[in-house]
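The values are calculated or read from the model by the stated rules, or taken from the named source; none is laboratory data. This structure is a prediction, so every number in the text was calculated from the model and none was measured. Glycine gets a Cβ as well: all are built from the backbone with ideal geometry, and neighbour counts include every protein chain shown.
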Amino acid sequence: MLNLIGVGLYNGDISVRAVDAAAASEFVFADTYTSFMDEDRIAYLSTKLHKKIKLLDRPDMEEHSIKLIDLSKESDVSILFGGDPLVATTHKILFLQAKEAGVDIRVFHSASVFSAAIGESGLDFYRFGGVCTIPHWYDNYKPVSFYETIARNFKNDLHSLVLLDYDQRLNRSMSIGEAMRTLDMAEAHYKQGIANKNKYIFIISDISMESQKVIFTTLEKAAMLDFRPHVSTIIIPAKMSDIEKEVAWLFPAR
């Protein structure tokens, strides 16, 4: 049996059914590749479940995922995911591989940054288009194609939820300043005027943590923000309704 268990946002919790499933498992793992799971959170979950939790990194979740599947054929295995399972492509591939191998699977859902970020912004859920990610740039890898998703959403009068690339080594998202510089480069490449310096955006950082911030500000001002959160998401809104505007103007850093 393979249990895929969402543990929600940072200060969130897991359902009673999920606790029972993990506590009854012979092996309990935590995915530290696709989400923010620091030592304090792992310690809390270990105490709650009365289980030792082994951490999984990128190779464990991708190149060596067959080992998890083989283990699940003989034993009850639980994998804990920050947020909600089956959101990341890595999770879906693991799910499909386990299904193909004939492993019984149970999925325990929980809150995710996708629903929480939209909820915190006050924007209407049904007015969001495709999601994209601003990636880290390297010497020979400087993609700007994420801008195409934003442009397509904007053309259809839909808001854009934009994830910021996660650095597993540093256990945090890219900085707000780096994200703004990359977005500015993408604008210079496509020249569609969507990400101009006067464009208002939402910055939603460290949801559910003590350090949580929701800021509504221009791209120009966002580039000057000097804080570096653990996990950040930005929202680039299309035309907002009157109610959406009323909520947006309640946030600081205008």
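Here are the numbers for this structure:
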read-out	value
Residue match in the range 84-95 (condition: on the phi > 0 side of the Ramachandran plot and at pLDDT 95 or above)	no
Looking only at the range 124-150, and only at residues there that are among the charged types (D, E, K, R) and touching an Asp or Glu at 6+ places or on another chain (Cβ under 9 Å), the one that is surrounded by the most Cβ atoms within 10 Å (Cβ to Cβ)	ARG127
Enumeration of residues in the range 23-41 that are modelled with pLDDT of 90 or more and in contact with a strand residue (DSSP E or B) (Cβ under 6 Å, 6 or more places away or on another chain)	SER25, PHE27, VAL28, PHE29, ALA30, ASP31
Some residue of the range 59-71 being in contact (Cβ under 8 Å) with a residue 24 or more places away in the chain, within 29 Å of GLN212 (Cα to Cα) and within 21 Å of the chain's Cα centre (by Cα)	yes
Residues satisfying the stated conditions in the range 134-154, i.e. part of a helix (DSSP H, G or I) and not aliphatic (A, V, I, L, M)	PHE146, TYR147, GLU148, THR149, ARG152, ASN153, PHE154
Selection from the range 1-47 of residues that are among the small types (Gly, Ala, Ser) and under 19 Å from the mean Cα position of the chain (by Cα)	GLY6, GLY8, GLY12, ALA30, SER35
Any chance LYS73 is at pLDDT 95 or above and farther than 29 Å from CYS132 by Cβ	yes
Positions within the range 42-64 being among the charged types (D, E, K, R) and surrounded by 20 or more Cβ atoms within 10 Å (Cβ to Cβ), in sequence order	none
Residue in the range 91-105 that is without any contact (Cβ under 8 Å) to a residue 12 or more places away in the chain and under 20 Å from ASP57 (Cβ atoms) present	yes
Residue within the range 112-121 that is within 25 Å of VAL19 (Cβ to Cβ), modelled with pLDDT under 90 and assigned to a loop (DSSP other than H, G, I, E, B) present	yes
Elements of type strands (runs of 3 or more DSSP E) contained in the range 165-252, each with 2 or more residues being in contact with a Cys (Cβ under 7 Å, 6 or more places away or on another chain) and surrounded by 14 or more Cβ atoms within 10 Å (Cβ to Cβ)	none
Within the range 65-82, considering residues that are aliphatic (A, V, I, L, M) and over 23 Å from SER232 (Cβ atoms), the one surrounded by the fewest Cβ atoms within 10 Å (Cβ to Cβ)	ILE66
Members of the range 1-11 found to be touching a strand residue (DSSP E or B) at 6+ places or on another chain (Cβ under 6 Å) and not in a loop (DSSP other than H, G, I, E, B), listed by number	LEU2, ASN3, LEU4, ILE5, GLY6
Residue check for GLU26: without any contact (Cβ under 8 Å) to a residue 60 or more places away in the chain, more than 21 Å from ASP104 (Cβ to Cβ) and exposed (fewer than 14 other Cβ atoms within 10 Å of the Cβ)	no
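The rows are residues; the columns are (1) small (Gly, Ala, Ser); (2) closer than 23 Å to ALA111 by Cα; (3) modelled with pLDDT of 95 or more.
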| residue | (1), (2), (3) |
| --- | --- |
| LYS155 | no, no, yes |
| SER160 | yes, yes, yes |
| LEU163 | no, yes, no |
| ARG172 | no, yes, no |
| GLU178 | no, no, no |
| MET185 | no, no, no |
| GLN192 | no, no, no |
| ALA195 | yes, no, no |
| SER205 | yes, yes, no |
